[in-house]
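The values are calculated or read from the model by the stated rules, or taken from the named source; none is laboratory data. Here the structure is a predicted model, which is why all the values come from computation and not from measurement. Because the Cβ atoms are built from the backbone with ideal geometry, glycine has one as well, and the counts that use them run over all protein chains shown.
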Amino acid sequence: MGYPISGKPPVASDLYGWVDYIQPFSSARGRGTSEPTWTDMGNGHFAYQFTVGEELFVPEHIRHNYKKGTKAYPHVHFCSDQTMSAGDQITWRYGYVKAKGHSQGESMTVPETSFDMTYTATGNEIAGEHIILECTEAQAFDLLEPDTYLSGRFELIGTNTAGRIFAQFGDLHVETDRDGTPGKAPDFYS
């Protein structure tokens with residue numbers, strides 16, 4: 001197992017905590033059945049502009065720093081290009097299928113599991129404010145083990161705000177307790 005960037009042996013505080021498994025939507029271009037538009041947000045920077053019913057699929061490979069038996073928390077990074085009013089809502093659907101790797105008899109063609117996440121504006125948001133909407137504790141799920149393949153789908157399913165909705169990332173918050181695993185295949189942890 002290698003050392004962190006510092007070059008020093010890791011201590012527990014270096015290894016335990018939360019990480020993001022980042023999936024920029026820009027890497028998912030061309031991968032949706034009803035795709036959002038890659039467009040200028042109005043300042044020369046581009047992101048996906050979603051309208052209701054548009055979706056992107058983002059793949060995720062579970063890394064060897066995953067803390068066995070813990071949950072992943074899908075979340076979406078987005079903004080509205082106009083000020084929102086109190087009570088405005090933006091609803092995203094996250095769907096996924098997952099399967100362990102290394103020929104362990106798990107299929108990627110099983111039916112999708114999905115849930116909805118709704119952001120309700122307070123009325124204090126500014127135009128273009130970076131919003132992170134995360135699933136609930138009940139919606140979070142186990143990632144099984146390293147090398148699990150997860151196919152995630154982010155879809156905008158509802159909005160009543162006047163602004164255009166732009167999304168940049170669809171990530172997973174994941175707990176880690178190691179830099180890597182002793183084994184490169186199952187059983188990874190021994």
When the residues of the range 54-77 are narrowed to those that are more than 9 Å from the chain's Cα centre (by Cα) and closer than 13 Å to residue 155 by Cα, which ends up surrounded by the most Cβ atoms within 10 Å (Cβ to Cβ)?
56
Count of the range 83-112 residues which are among the hydroxyl-bearing types (Ser, Thr, Tyr) and assigned to a strand (DSSP E or B):
3
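Residue-by-condition table, conditions (1) at pLDDT 95 or above; (2) in a loop (DSSP other than H, G, I, E, B):
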{"residue": "127", "(1), (2)": "yes, yes"}
{"residue": "133", "(1), (2)": "yes, no"}
{"residue": "138", "(1), (2)": "yes, yes"}
{"residue": "169", "(1), (2)": "no, no"}
Only residues that are over 25 Å from residue 130 (Cβ atoms) and either surrounded by fewer than 20 Cβ atoms within 10 Å (Cβ to Cβ) or of a type in the set (Gly, Ala, Ser) (or both): list them for the range 78-104, please.
97, 99, 100, 101, 102, 103, 104
Hits in the range 10-53 (condition: at pLDDT 95 or above and acidic (Asp, Glu))
40
Does residue 52 fit the bill of being in contact (Cβ under 8 Å) with a residue 12 or more places away in the chain and either touching a helix residue (DSSP H, G or I) at 6+ places or on another chain (Cβ under 6 Å) or within 21 Å of residue 138 (Cβ to Cβ) (or both)?
no
Restricting the search to the range 58-79, which residues are part of a strand (DSSP E or B), at pLDDT 95 or above and either hydroxyl-bearing (Ser, Thr, Tyr) or in contact with a helix residue (DSSP H, G or I) (Cβ under 7 Å, 6 or more places away or on another chain) (or both)?
73
Single unsatisfied condition, residue 117 versus (1) out of contact with any Phe, Trp or Tyr (no Cβ under 6 Å at 6 or more places or on another chain); (2) surrounded by 19 or more Cβ atoms within 10 Å (Cβ to Cβ); (3) closer than 29 Å to residue 63 by Cα; (4) not hydroxyl-bearing (Ser, Thr, Tyr)
(1)
Return only the number of the condition from (1) of a type outside the set (A, V, I, L, M); (2) surrounded by 17 or more Cβ atoms within 10 Å (Cβ to Cβ); (3) assigned to a strand (DSSP E or B) that residue 161 does not satisfy.
(3)
When the residues of the range 144-175 are filtered to those that are touching a helix residue (DSSP H, G or I) at 6+ places or on another chain (Cβ under 8 Å) and of a type in the set (Gly, Ala, Ser), which remaining residue is farthest from residue 189 (Cα to Cα)?
167
Taking into account only those residues within the range 130-144 that are acidic (Asp, Glu) and in contact with a strand residue (DSSP E or B) (Cβ under 7 Å, 6 or more places away or on another chain), which is surrounded by the most Cβ atoms within 10 Å (Cβ to Cβ)?
134
